[in-house]
Amino acid sequence: MNDRLDILPIHAWLPATAEPLLISGPCSAESREQVMATAAPLSRTGLVEVFRAGIWKPRSRPSGFRGAGEEALQWLREVQQQYHLKTAVEVATPQHVELALKYGVDILWLGARTVVNPFSVEEVTEALRGTDMPVLVKNPVNPDLNLWIGALERVNRAGIRKLAAIHRGFYFFARTPYRNAPMWEIPIELKRRFPELPVFVDPSHICGSRERIREISQKALDLDMCGLMIESHYDPDHAWSDAAQQLTPAALEDMIRSLTLRTEKGSPAFEGKLEALRSEIDKLDAELLDILARRMEVVSDIGRYKKENDITILQLKRWSNIIRERLEDGNQLGLDEHFLRQVLEMVHKESIRIQNRIMNEE
Ligand code: PEP
Ligand code: MN
């Protein structure tokens, strides 16, 4: 598969004047007053690059606030003019794209509910073809990396080169402290597959409440994500959508200023020490691999011996003893029990596979 996106670096279309690169604004544009009352203090923080606002809201129930629609695009124009902020809205249909373009919105994003459906993504991307619009693609509601990549590819193939992803967490069947489980391994894998792709994090929709937004924002920075999208409302408790997760502009400013920015490169002394530690890791990994290979050789010997004597592969009592003893030993060494159990189970599975092969070969 061709794992490449033909995109421009983010600083070419969204230069950051402050760190981290911040997109903020209300979940929904509710009224002209609410939009202005939120944009004014956000612009005064000097930290916000882009003002976001939902104009067409995808709601689970039809009774929810469905957005102010076209009228709100005029308010966003005022935000651009008065506060010199770029604007961003969610688009889910070709008509949304057409209207957003007509009113000069700067950046469009595809929401989690749109990205789950390749037909919808295709309709929207056809409407984008031939434009030069920056587009942000949220992850789909369900934890499916390929579906996310597919949407990014569809947008890119429509000729959109100002492209970025937004990680907003995933639906998870079990209860977690989050509204949408972060499952960091998914955005990390996305970054590994597409190192050129900027990935934003949306702590608001991951958390669903104000409490953990700082923690998720810090984690995003520590994982070298390219920026944050955070919902802010001048009066969050009375917001018409997502009231529990929005921050006042002042709270947002405090939170952002409390974050620690870590850079990828440190001083020469730091780099030297890091290099030494890394070479130690390389040596230990080599030993680990050698030991694993030797263990599997012994496992093969046991397999042959069992075969000669017509003994079954799996001897449950022996396995239960191994687990118990190894967990005790690991505990002494300070290893996490859950982690160690997973490692042991994988080693055991591989041992059984090897013995199975020996038992069944001529
Ligand atoms: C939003 O950004 O307000 C929104 C609806 O987000 P998501 O598509 O991530 O649920
Ligand atoms: Mn929202």
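The values are calculated or read from the model by the stated rules, or taken from the named source; none is laboratory data. Predicted model, so just to flag it, every value in this text is computed and none were measured. Methodologically, a virtual Cβ is constructed for each residue, glycine included, from the backbone with ideal geometry; neighbour enumeration extends over all protein chains shown. The protein model used for the area step is the full one, side chains on, heavy atoms only, and it has no ligands, DNA or RNA in it. Shrake-Rupley method; radii C 1.70, N 1.55, O 1.52, S 1.80 Å.
Within the range 201-219, take every residue that is within 12 Å of the chain's Cα centre (by Cα) and more than 16 Å from Val141 (Cα to Cα) and give me the one that is farthest from ligand 1 (Cβ to nearest atom).
Lys219
Does the range 21-38 contain any residue that is in contact with a Cys (Cβ under 9 Å, 6 or more places away or on another chain) and at pLDDT 95 or above? Steps first, please.
Keep residues of the range 21-38 that are in contact with a Cys (Cβ under 9 Å, 6 or more places away or on another chain), which gives 21.
From what is left, the residues that are at pLDDT 95 or above are 21.
Within the range 21-38, one or more residues are in contact with a Cys (Cβ under 9 Å, 6 or more places away or on another chain) and at pLDDT 95 or above.
So how many residues does the range 202-226 have that are in contact with a His (Cβ under 8 Å, 6 or more places away or on another chain) and of a type in the set (D, E, K, R)?
1
Please list, ordered by residue number, the helices (runs of 4 or more DSSP H) wholly in the range 101-194 having 1 or more residues that are touching a residue at least 40 places away in the same chain (Cβ under 8 Å), touching a strand residue (DSSP E or B) at 6+ places or on another chain (Cβ under 9 Å) and surrounded by 15 or more Cβ atoms within 10 Å (Cβ to Cβ).
112-115, 145-157, 185-193
Just to be sure before I move on: is Ile55 at negative phi, of a type in the set (A, V, I, L, M) and within 16 Å of ligand 2 (Cβ to nearest atom) in the structure I sent? Break it down stepwise before answering.
Values: at negative phi: yes; of a type in the set (A, V, I, L, M): yes; within 16 Å of ligand 2 (Cβ to nearest atom): yes.
Against the criterion (at negative phi, of a type in the set (A, V, I, L, M) and within 16 Å of ligand 2 (Cβ to nearest atom)), Ile55 qualifies.
Could you tell me whether any residue of the range 38-49 is within 16 Å of ligand 2 (Cβ to nearest atom) and of a type in the set (Gly, Ala, Ser)?
No; the residues of the range 38-49 include none that is within 16 Å of ligand 2 (Cβ to nearest atom) and of a type in the set (Gly, Ala, Ser).
Scan the range 227-258 for residues that are out of contact with any His (no Cβ under 6 Å at 6 or more places or on another chain), open to solvent by less than 20 Å² (accessible area, probe 1.4 Å) and not in a helix (DSSP H, G or I) and report the count.
Adding up the residues that qualify gives 9.
Answer yes or no as to whether Ser217 is among the small types (Gly, Ala, Ser) and surrounded by fewer than 19 Cβ atoms within 10 Å (Cβ to Cβ).
no
Does Asp224 satisfy being open to solvent by 20 Å² or more (accessible area, probe 1.4 Å), closer than 20 Å to Val50 by Cα and free of Cβ contacts under 8 Å to residues at least 60 places away in the same chain? Walk me through it before giving the result.
Working: open to solvent by 20 Å² or more (accessible area, probe 1.4 Å): yes; closer than 20 Å to Val50 by Cα: yes; free of Cβ contacts under 8 Å to residues at least 60 places away in the same chain: yes.
Considered against the rule, which asks whether it is open to solvent by 20 Å² or more (accessible area, probe 1.4 Å), closer than 20 Å to Val50 by Cα and free of Cβ contacts under 8 Å to residues at least 60 places away in the same chain, Asp224 comes out as yes.
For Gly208, indicate whether it is more than 26 Å from Ser31 (Cα to Cα), within 14 Å of ligand 2 (Cβ to nearest atom) and free of Cβ contacts under 8 Å to residues at least 40 places away in the same chain.
So Gly208 fails the test.
Just give me the residues in the range 326-362 being among the charged types (D, E, K, R) and either farther than 22 Å from Ser300 by Cα or surrounded by 11 or more Cβ atoms within 10 Å (Cβ to Cβ) (or both), in sequence order.
Once the filter is applied, which keeps residues that are among the charged types (D, E, K, R) and either farther than 22 Å from Ser300 by Cα or surrounded by 11 or more Cβ atoms within 10 Å (Cβ to Cβ) (or both), the range 326-362 yields Arg326, Glu328, Asp329, Asp336, Glu337, Arg341, Glu345, Glu350, Arg353, Arg357.
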